[in-house]
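> Sharing a structure here in structure tokens format.
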């Protein structure tokens, strides 16, 4: 498995590194993984771009200090503060009609393992009116458990990409910007549903979070070839 660490110097360069990683999987049949902290931004989904309030939502994100971008994978808008963790695991596929559910289940199980090692108990699901609502999410335990991770999947030429987000801290800041963004998009959103590792009692630093998530997503891969991006 090829593992890419770090991030590029700006948002667009960083996004190109992930696209190149996935394309390489389709060409080489070698699985690949990236776990990193993207630059500060609000990433909109393609469904968002078709909403009447999309431009207003972009302006709201920018006004709050979050550059607005549109991503290929995932559903609704997600905010990254600079400490929010993203992951992208790509594997070769011969038949695009098979393996979808298995890949989702494997990713959410691996994330639960990582969170448990970080001191956070989680379970599948999400509260009503969460950010980027979907059927493959994790929330912290308890009646008021907030959404702490979301998982999406996209299948392209020869490769399946399972990607998502894990909120480490700054849940109040994330909730605040997403409240203005979702209001502009006229999509139900409850700021109280945003969880985080920090809010759930996990106290490790960012590097430990990255390491544990990478460790869990690498799994039992025996041959790991790693590369680090030098941020400019």
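The values are calculated or read from the model by the stated rules, or taken from the named source; none is laboratory data. A quick note: this is a predicted structure, and the numbers were derived from the prediction, not measured. Cβ coordinates were reconstructed from backbone atoms using ideal geometry, including for glycine residues, and neighbour counts include every protein chain displayed.
> Can you confirm whether residue 165 is within 20 Å of residue 57 (Cβ to Cβ) and in contact (Cβ under 8 Å) with a residue 60 or more places away in the chain?
yes
> Still on this model: Among the residues of region 216-232, which ones are touching a helix residue (DSSP H, G or I) at 6+ places or on another chain (Cβ under 7 Å) and farther than 15 Å from residue 138 by Cβ?
219, 224, 229
> Looking for whichever is within 18 Å of residue 166 (Cα to Cα) and crowded, with 17+ Cβ neighbours inside 10 Å here; the options are 33, 21. Which one fits?
Step by step, each of 33, 21 is checked, and only 33 is within 18 Å of residue 166 (Cα to Cα) and crowded, with 17+ Cβ neighbours inside 10 Å.
> Oh, and also: Residues 200, 192, 211: which one is in contact (Cβ under 8 Å) with a residue 40 or more places away in the chain, more than 21 Å from residue 20 (Cα to Cα) and outside any loop (DSSP other than H, G, I, E, B)?
192
> Under the condition of being in a loop (DSSP other than H, G, I, E, B) and at pLDDT 95 or above, which residue from region 31-50 is nearest to residue 177 (Cα to Cα)?
Across region 31-50, the extreme among qualifying residues is 40.
> For region 98-121, check the following and say yes or no: at least one residue is closer than 23 Å to residue 176 by Cα, part of a loop (DSSP other than H, G, I, E, B) and touching a residue at least 12 places away in the same chain (Cβ under 8 Å).
no
> Looking at (1) crowded, with 23+ Cβ neighbours inside 10 Å; (2) in contact with a helix residue (DSSP H, G or I) (Cβ under 7 Å, 6 or more places away or on another chain); (3) closer than 20 Å to residue 193 by Cα, which is the only condition residue 114 fails?
Evaluating residue 114 over (1) crowded, with 23+ Cβ neighbours inside 10 Å; (2) in contact with a helix residue (DSSP H, G or I) (Cβ under 7 Å, 6 or more places away or on another chain); (3) closer than 20 Å to residue 193 by Cα leaves (3) as the failure.
> Restricting to region 150-168, name every residue that is at pLDDT 95 or above and in a loop (DSSP other than H, G, I, E, B).
167, 168
> Can you find, within region 1-18, the residue that is surrounded by the fewest Cβ atoms within 10 Å (Cβ to Cβ) among those that are closer than 27 Å to residue 182 by Cβ and out of contact with any helix residue (DSSP H, G or I) (no Cβ under 9 Å at 6 or more places or on another chain)?
12
> Within region 70-83, how many residues turn out to be assigned to a loop (DSSP other than H, G, I, E, B) and crowded, with 22+ Cβ neighbours inside 10 Å?
Residues meeting the conditions: 3.
> Could you check residue 28 against (1) surrounded by fewer than 15 Cβ atoms within 10 Å (Cβ to Cβ); (2) under 20 Å from residue 15 (Cβ atoms) and say which number it fails?
(2)
> For region 153-163, name all the residues that are buried (at least 21 other Cβ atoms within 10 Å of the Cβ) and out of contact with any helix residue (DSSP H, G or I) (no Cβ under 7 Å at 6 or more places or on another chain).
Within region 153-163, 163 is the sole residue that qualifies.
> Here are 133, 128: which of them is in contact (Cβ under 8 Å) with a residue 40 or more places away in the chain, touching a strand residue (DSSP E or B) at 6+ places or on another chain (Cβ under 9 Å), assigned to a loop (DSSP other than H, G, I, E, B) and surrounded by fewer than 19 Cβ atoms within 10 Å (Cβ to Cβ)?
133
> Right, something else. With respect to residue 172, determine if the residue is farther than 16 Å from residue 126 by Cα, in contact with a strand residue (DSSP E or B) (Cβ under 9 Å, 6 or more places away or on another chain) and in a helix (DSSP H, G or I).
Here the answer is yes, as residue 172 does meet what is asked.
> Now a separate question. What is the number of the single condition among (1) modelled with pLDDT under 95; (2) buried (at least 17 other Cβ atoms within 10 Å of the Cβ); (3) touching a helix residue (DSSP H, G or I) at 6+ places or on another chain (Cβ under 8 Å) that residue 93 does not meet?
(3)
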